[in-house]
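A.B. asks: Here you go, one structure.
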Amino acid sequence: MWRERKNNEGFTLIEIMIVIVILSILAWQIAPRIMGKPEEARILKAKMDISTLETALKLYRLDNGMYPSTEQGLQALVEPPTIGTIPRKWREGGYLEKGKIPKDPWGNDYIYLSPGLHGDFDLMSYGADGEPGGEGKNGDINNWELE
């Protein structure tokens, strides 16, 4: 009397349509909020990178008694400098976790000056335009202005 049910279980057209409608409503509500955030995320990433580089520079100074010179640059954090004052206690493996200097979120190098104009060293990104000055997404991000 009871027939075996064939393995035809799946979603019906109605169920699929309901899911599509729900996803469409969610996308319609959320997409406008997300669309303006990429530049804010890039600025936040630049600030985080600068903080990470600051920490690595401070560790370098603890080990060697000085910051890398402007000539040695940030590269001194990933490989022992060969110019200028050679550090005596350079840490094996370097001072950055990934073993390379990050680019800013816009693909440019971070600018490093030591001694700096605003402290022992200056670290900065020129923002989206890659030029000094500017406002908004083109504004400079500087270590001496970070909280």
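The values are calculated or read from the model by the stated rules, or taken from the named source; none is laboratory data. Every value quoted in this text rests on a predicted model; they were computed, and no experiment measured them. For neighbour counting, all protein chains shown are included, and Cβ atoms are generated from backbone atoms with ideal geometry for every residue, glycine included.
A.B. asks: Which condition does Asp49 not pass, out of (1) in a loop (DSSP other than H, G, I, E, B); (2) in contact with a Ser or Thr (Cβ under 9 Å, 6 or more places away or on another chain), if it passes all the others?
C.D. replies: Unmet for Asp49, out of (1) in a loop (DSSP other than H, G, I, E, B); (2) in contact with a Ser or Thr (Cβ under 9 Å, 6 or more places away or on another chain): (1).
A.B. asks: Turning to a different aspect of this structure: Can you spot a residue in the range 103-126 that is in contact with a helix residue (DSSP H, G or I) (Cβ under 8 Å, 6 or more places away or on another chain), more than 12 Å from Leu57 (Cβ to Cβ), of a type in the set (Gly, Ala, Ser) and not in a helix (DSSP H, G or I)?
C.D. replies: Yes, because at least one residue in the range 103-126 is in contact with a helix residue (DSSP H, G or I) (Cβ under 8 Å, 6 or more places away or on another chain), more than 12 Å from Leu57 (Cβ to Cβ), of a type in the set (Gly, Ala, Ser) and not in a helix (DSSP H, G or I).
A.B. asks: Still on this structure, please answer the following. What tally of residues in the range 74-93 results from selecting those that are at positive phi and out of contact with any Asp or Glu (no Cβ under 6 Å at 6 or more places or on another chain)? Walk me through how you get there before you give the answer.
C.D. replies: Keep residues of the range 74-93 that are at positive phi, which gives 84, 93.
If we keep only those that are out of contact with any Asp or Glu (no Cβ under 6 Å at 6 or more places or on another chain) as well, we get 93.
Summing the residues that are at positive phi and out of contact with any Asp or Glu (no Cβ under 6 Å at 6 or more places or on another chain) in the range 74-93 gives 1.
A.B. asks: Is it the case that some residue within the range 108-122 is at pLDDT below 90 and aliphatic (A, V, I, L, M)?
C.D. replies: no
A.B. asks: So, of the residues in the range 65-121 that are hydroxyl-bearing (Ser, Thr, Tyr) and more than 18 Å from Leu146 (Cβ to Cβ), which turns out to be surrounded by the fewest Cβ atoms within 10 Å (Cβ to Cβ)?
C.D. replies: Let us first name the residues in the range 65-121 that are hydroxyl-bearing (Ser, Thr, Tyr), namely 67, 69-70, 82, 85, 95, 110, 112, 114.
This time we only want the ones that are more than 18 Å from Leu146 (Cβ to Cβ), so: 69-70, 82, 85, 95.
Values: Ser69: 17, Thr70: 15, Thr82: 9, Thr85: 13, Tyr95: 21.
So, considering only residues that are hydroxyl-bearing (Ser, Thr, Tyr) and more than 18 Å from Leu146 (Cβ to Cβ), the one surrounded by the fewest Cβ atoms within 10 Å (Cβ to Cβ) is Thr82.
A.B. asks: What about Ala56, is it assigned to a helix (DSSP H, G or I) and surrounded by 15 or more Cβ atoms within 10 Å (Cβ to Cβ)?
C.D. replies: For Ala56, the condition - assigned to a helix (DSSP H, G or I) and surrounded by 15 or more Cβ atoms within 10 Å (Cβ to Cβ) - is met.
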